[in-house]
Amino acid sequence: MRLNKSIYKNYKTYPEKILQFGEGNFLRAFVDWQIDKMNKEAGFDGSVVVIQPIKTGRVDVLNKQDGLYTLYLQGVKNGKPIKEHSIINSISRGIDPYKNYEEFINLAENPQIRFIISNTTEAGIEFDENDKLEDKPQNSYPGKLTAFLYKRFVFFNGDKEKGLIIMPCELIDRNGDKLKEIVLKYSKLWNLNNDFTNWINTANIFTNTLVDRIVPGYPKDTINEITEELGYEDSLVDVGELFHLWVIEGPQWIKNEFPVDKAGLNVKFVNDVEPYRTRKVRILNGAHTALVPVAYLYGLNTVKEAVEHEVIGKFVKGVIYDEIIPTLDLPKEELLQFADDVLERFKNPFIKHYLMSIALNSMSKFETRDLPSLLEYINRKKELPKKLVFSLAALIEFYKGKRNGENINLADNPDILFLYKTLWSNYDGTEEGLKNIVRSVLSYEKNWKMDLNKIEGLTDAVSDDLIMIEKIGIKDAVLKTL
């Protein structure tokens, strides 16, 4: 027995208000779940029409299940592991524009369509100079979007009341600005009139967004047990963590039409998304990157092990609360709450997040995620952040490629691997030799975009920590940072 509206007695039909490019696990566990909650708890009364953005996709499977699927949310809440599931009833239908282009493009004539949401991967918001207005469909997502908007503009005679709110969820910086820029580029390439350009600029809103929820997706390893638990077959079972955050750079009045607040959702409409992006990169991603070399060399293998460990857990908390948060400008209560949420997410018993999977390209990750915190800490406190400095020393030790006599499977750009291989193979066993390694790594401007040796006291501090790690081992060395 397959999940569909005949076996889901609470099935409801809602007016189609949202066009969604993408049918993948993330959008279904994030956006479509939120629409479902708004329908049930905030009177949104709207459904999603899913557009398959590329030739291969799963809208046929979605349609066979009448847009229904089961979502499992699992994680830690108030210190307790929680696992819950529900059937999501927010998708009306899916359309494959490569097979049914007219069905897609004619949606532009629906006056109730108000929102366009997308997640077409980071590569999705790109300009394809070969796209043409007469293509059915255009190759790129922005090409399809431009054709859709132009059809709407023409059909409604440029009525400014028929403009749309466009909220891309692709993980690129200032995604809304970039999408709008490409739409206007197509308008020029296709010789669409100035009135259309003006309509795009004045009647439509392109929001910049930040999305945050870990979505492992289809649980292939446990699907048999899940099917038995549910009592029906579902080809679209989706799994996500409990935590969710959607930051939208746009006017507050959007909430009148998109009542996320009434549904108790963690969605923020803000004037500038950048502080929130910085918060996520510095706290969540920065903590990941800072703990990896320390925890892995210590002998741990997963994020959960690390944050729950008596010593490493204390180290990680010190990095976040004592050295990263003081460098950020959002209200302290917000930062502390986000940090608390991050640590709960790290302890999620349902997600096995291996340190070595985070270790990929650790040098560039330290540069983008942790170096800004280190520099800003120095700027504000006029001293070095002890734990971030230690993490940098541990990173240099990590790239030695050995843990307890066993090889570490290092994965980074060839130039980074060559640098470390050369430095460590020429190491003569002396303290001066370690200082030379530190000086060489800190001067590698290709990675750091600057010579870190010029930061007062940093070379000596990193060298002292590396010497200590080499002399007494990581376990005793990290204790001296606590």
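General observations
- Apart from one condition, Val247 fits all of (1) under 19 Å from Arg277 (Cβ atoms); (2) in a loop (DSSP other than H, G, I, E, B); the exception is (2).
- Candidates Lys255, Lys262, Lys220 - the one that is surrounded by fewer than 19 Cβ atoms within 10 Å (Cβ to Cβ), within 21 Å of His85 (Cα to Cα) and among the basic types (Lys, Arg): Lys220
- Boolean, Ala461 is in contact with a Lys or Arg (Cβ under 9 Å, 6 or more places away or on another chain), farther than 17 Å from Pro372 by Cα and either touching a residue at least 12 places away in the same chain (Cβ under 8 Å) or aliphatic (A, V, I, L, M) (or both): yes
- Qualifying residue in the stretch 381-391 (condition: part of a helix (DSSP H, G or I), of a type outside the set (Lys, Arg), surrounded by fewer than 17 Cβ atoms within 10 Å (Cβ to Cβ) and assigned by TED's automatic domain parsing to the domain that holds Ser463): no
- Scanning the stretch 357-370 for residues that are more than 11 Å from His288 (Cα to Cα) and surrounded by fewer than 21 Cβ atoms within 10 Å (Cβ to Cβ) yields Leu360, Asn361, Ser364, Glu367, Thr368.
- Qualifying residues in the stretch 45-58 (those that are touching an Asp or Glu at 6+ places or on another chain (Cβ under 9 Å) and part of a loop (DSSP other than H, G, I, E, B)) - the one surrounded by the fewest Cβ atoms within 10 Å (Cβ to Cβ): Lys55
The rows are residues; the columns are (1) among the small types (Gly, Ala, Ser); (2) closer than 13 Å to Tyr72 by Cα; (3) in the same structural domain as Val61 (by TED's automatic domain parsing).
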{"site": "Tyr218", "(1), (2), (3)": "no, yes, yes"}
{"site": "Glu229", "(1), (2), (3)": "no, yes, yes"}
{"site": "His244", "(1), (2), (3)": "no, no, yes"}
{"site": "Val267", "(1), (2), (3)": "no, no, yes"}
{"site": "Leu284", "(1), (2), (3)": "no, no, no"}
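- Candidate set from the stretch 411-429 (those that are free of Cβ contacts under 8 Å to residues at least 40 places away in the same chain and under 22 Å from Ile358 (Cα atoms)); member that is surrounded by the fewest Cβ atoms within 10 Å (Cβ to Cβ): Pro414
- Candidate set: the stretch 308-333, residues that are free of Cβ contacts under 8 Å to residues at least 24 places away in the same chain and surrounded by fewer than 16 Cβ atoms within 10 Å (Cβ to Cβ); chosen: the one farthest from Gly79 (Cα to Cα): Pro331
- Filter result (in contact (Cβ under 8 Å) with a residue 40 or more places away in the chain and surrounded by fewer than 14 Cβ atoms within 10 Å (Cβ to Cβ)) within the stretch 334-349: Pro349
- Taken as a whole, the stretch 32-44 holds no residue that is among the acidic types (Asp, Glu), over 21 Å from Phe148 (Cα atoms), part of a loop (DSSP other than H, G, I, E, B) and modelled with pLDDT of 95 or more.
- Filter result for Lys5 (free of Cβ contacts under 8 Å to residues at least 12 places away in the same chain and over 25 Å from Arg213 (Cβ atoms)): no
- Hits in the stretch 8-22 - residues which are touching a residue at least 12 places away in the same chain (Cβ under 8 Å), farther than 18 Å from Trp246 by Cα and part of a loop (DSSP other than H, G, I, E, B): Tyr8, Asn10, Tyr11, Lys12, Thr13, Tyr14, Pro15
- Of the numbered criteria (1) more than 25 Å from the chain's Cα centre (by Cα); (2) β-branched (Val, Ile, Thr); (3) part of a loop (DSSP other than H, G, I, E, B), the one Val61 fails is (3).
- The residue of the stretch 250-263 that is nearest to Gly46 (Cα to Cα), among those that are in a helix (DSSP H, G or I) and touching a Lys or Arg at 6+ places or on another chain (Cβ under 9 Å), is Glu257.
- Every listed requirement among (1) at pLDDT 90 or above; (2) under 17 Å from the mean Cα position of the chain (by Cα) is met by Ser373 save one, (2).
- Boolean, Val342 is assigned to a helix (DSSP H, G or I) and under 30 Å from Lys83 (Cα atoms): yes
Table: residues versus (1) touching a strand residue (DSSP E or B) at 6+ places or on another chain (Cβ under 7 Å); (2) free of Cβ contacts under 8 Å to residues at least 60 places away in the same chain; (3) assigned to a strand (DSSP E or B).
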residue	(1), (2), (3)
Leu265	no, no, no
Lys268	yes, yes, yes
Asp272	yes, yes, no
Pro293	no, no, no
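- When Asn89 is tested against (1) under 30 Å from Lys9 (Cβ atoms); (2) modelled with pLDDT of 95 or more; (3) touching a strand residue (DSSP E or B) at 6+ places or on another chain (Cβ under 7 Å); (4) not hydroxyl-bearing (Ser, Thr, Tyr), exactly one condition is not met: (3).
Each row is one residue, and each column tells you yes or no for (1) in contact with a strand residue (DSSP E or B) (Cβ under 9 Å, 6 or more places away or on another chain); (2) over 30 Å from Thr207 (Cβ atoms); (3) part of a helix (DSSP H, G or I); (4) basic (Lys, Arg).
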| site | (1), (2), (3), (4) |
| --- | --- |
| Arg282 | no, no, yes, yes |
| Gly318 | no, yes, yes, no |
| Tyr321 | no, yes, yes, no |
| Ile325 | no, no, yes, no |
| Ile351 | yes, no, no, no |
| Ser357 | no, yes, yes, no |
| Ser373 | no, no, yes, no |
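- Just one residue in the set Asn139, Asn204, Asn175 is buried (at least 21 other Cβ atoms within 10 Å of the Cβ) and of a type in the set (S, T, N, Q); that residue is Asn175.
The values are calculated or read from the model by the stated rules, or taken from the named source; none is laboratory data. Since we're looking at a predicted model, the values are computed, not measured. We place every Cβ from the backbone using ideal geometry, glycine too, and count neighbours over all the protein chains shown.
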